[in-house]
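First the structure, in the form of structure tokens, and then the observations on it.
The values are calculated or read from the model by the stated rules, or taken from the named source; none is laboratory data. These numbers come from a predicted model, not from an experiment. Here the Cβ positions follow ideal geometry from the backbone for every residue, glycine too, while neighbour counts run over all protein chains shown. The protein model used for the area step is the full one, side chains on, heavy atoms only, and it has no ligands, DNA or RNA in it. Shrake-Rupley method; radii C 1.70, N 1.55, O 1.52, S 1.80 Å.
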Amino acid sequence: MSGSAKVTVTVKRRGRTVDGPLPNRPVRMMPGGVAGIVYGGDVYPLHAGDTIDLDDTSIPKGRCPGFVSPGTKIPYAASKTPTSSSARRRVSTPILADDAWTIEHNKFGNYVVFDADRATATAVVAAVQQSGLDVVRWDESVRAAFNGRHYDWFIRLKLDAPREEAVRRVRAALTPVKASAPAEQAADAEELRLARLEAQVAELARKAVALQLATTAGYVEELKAQLQAVELRAKSAEARARKLTASERRVVTENARLTQELDTARALADAPATQIDLDEYSQLVDLYSKERDQAREDADERAAAAAEANERAMRLEVDLANALAQLENANEAREAAQASAARGSAARGKSLTARKVMSLMWPSLVLHSDTEDIILRCFPDPRPLLLALSRLDTGVLKIKNVEGHKHLREVVDHIATGDKDAADMGRIYYREVELDGERRRWVFVHRKKDDKEQKHELARLARLDPERDLDYM
């Protein structure tokens with residue numbers, strides 16, 4: 001790897017930067033003689049200016065074993081000729097056939113579910129609204145409908161009526177829908193808005209991964225500190241062992257001396273005229289025996305302490321290696337997620353939303369449908385809020401009951417918003433709900449203006465009914 005040219009790469013998609021700069025990326029040779037860079041496990045063509053485009057066709061890195069040598073001119077890939085989005089839309093047919101849509105009626109109300117490209121979907125929503133039907137929300141569908149079919153899109157209607165009435169009114173609304181210049185203009189505006197949201201989602205995902213990496217890095221530092229402590233204990237055990245060994249040598253020397261004196265005493269005992277104090281020698285022998293037994297016990301303790309220190313050191317080394325591997329895996333996962341998002345968008349023309357990203361990150365939380373909009377509008381720096389939501393998901397935040405509203409809970413800590421005029425005015429509320437047999441937290445994010453406004457917001461949240469207002473599509 002050291003014998004290859006390396007560059008600092010910027011990752012783009014649809015002309016916008018989604019990652020990077022990424023330093024020291026080795027330059028590979030792709031089939032056809034153009035340079036390529038590994039990102040997310042695949043090799044993408046390298047363009048002039050050291051950029052790669054996730055909309056380009058990638059190939060597995062196993063098919064690109066060669067590298068560009070240092071100092072060699074890099075064979076950059078040719079620039080692509082852009083294709084206008086309006087030209088692409090003209091080849092699609094924005095008219096829904098009867099078998100391309102249906103009405104799903106459930107406890108949350110009436111939903112229009114249908115298959116279409118994004119331009120057609122935008123035109124359908126506009127037609128439904130123009131017919132006098134109120135639209136609560138519309139988005140890509142992430143679950144199968146009541147008939148088992150997985151449609152591309154859904155529209156939640158604010159219509160309290162039987163399914164048959166909803167079918168009649170929606171069919172009447174869809175009748176005039178056709179390919180037209182206004183529809184294309186609306187699709188252009190919608191695509192621009194979604195492009196901006198995608199860039200913001202990518203930034204949120206990058207910051208979330210950075211928080212995860214920072215947490216893992218702190219764990220690694222803690223393991224290093226524990227390993228150093230174990231090494232100090234091991235050195236102390238060795239010093240104690242050396243001290244015990246010296247003590248054993250003294251005991252042996254004293255044993256020899258006592259033995260010699262005892263032999264002398266026995267010889268003198270044979271002389272009847274000499275008075276010998278044998279009690280003194282008996283006491284010396286007892287003292288020697290006690291010191292010898294103590295030395296043996298200390299030696300056993302030393303051996304056990306050394307074994308325990310060695311075992312803990314081995315365990316900490318394994319934990320340290322695992323934590324370092326997690327750091328690498330987290331970075332690779334971030335790149336793979338970016339590449340996967342690009343491939344999914346190219347295949348179906350759909351976009352990833354911040355709410356879906358956050359739902360995958362925090363499985364115990366169900367975010368209210370306006371969470372994404374509030375974060376983008378009211379939290380210029382969302383990192384403290386994202387960290388608080390992560391800690392709420394793991395159950396380590398302090399919680400209190402909201403006075404006067406028995407079902408609402410509030411995170412005790414106030415959240416920094418990144419706005420100097422509203423420093424710590426961020427708030428997180430939630431209530432316990434049950435979805436698919438599991439207890440979840442229905443979360444509401446809010447930026448407080450003043451006490452009066454907060455009182456009105458809490459009253460509004462308290463009036464929400466999970467059976468009626470919880471939208472989990």
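Observations, loosely collected:
- Pairwise Cα distances in the range 10-84 exceed 17 Å in 39 percent of cases.
- Neighbour cut-off at most 14 other Cβ (10 Å), DSSP loop, trypsin sites (Lys or Arg not before Pro), the range 1-79: 73
- Low-density loop positions, GluC sites (Glu not before Pro), the range 397-473 - DSSP coil, at most 15 other Cβ in 10 Å: 403
- Cleavage-rule hits (trypsin sites (Lys or Arg not before Pro)) in the range 107-141: DSSP loop, at most 12 neighbouring Cβ within 10 angstrom: 107
- If you sort 374, 103 by accessible surface, 1.4 Å probe, largest first, the order is 374, 103.
- Accessible surface, the range 1-68, averaged per residue in Å² (probe 1.4 Å): 44
- With every protein chain in place, the range 18-64: carbon and sulfur % of accessible area (1.4 Å): 53
- Proximal lysines to residue 73, defined as alpha-carbon separation beneath 29 angstrom and excluding residues fewer than eight positions away on the same chain: 6, 12, 61
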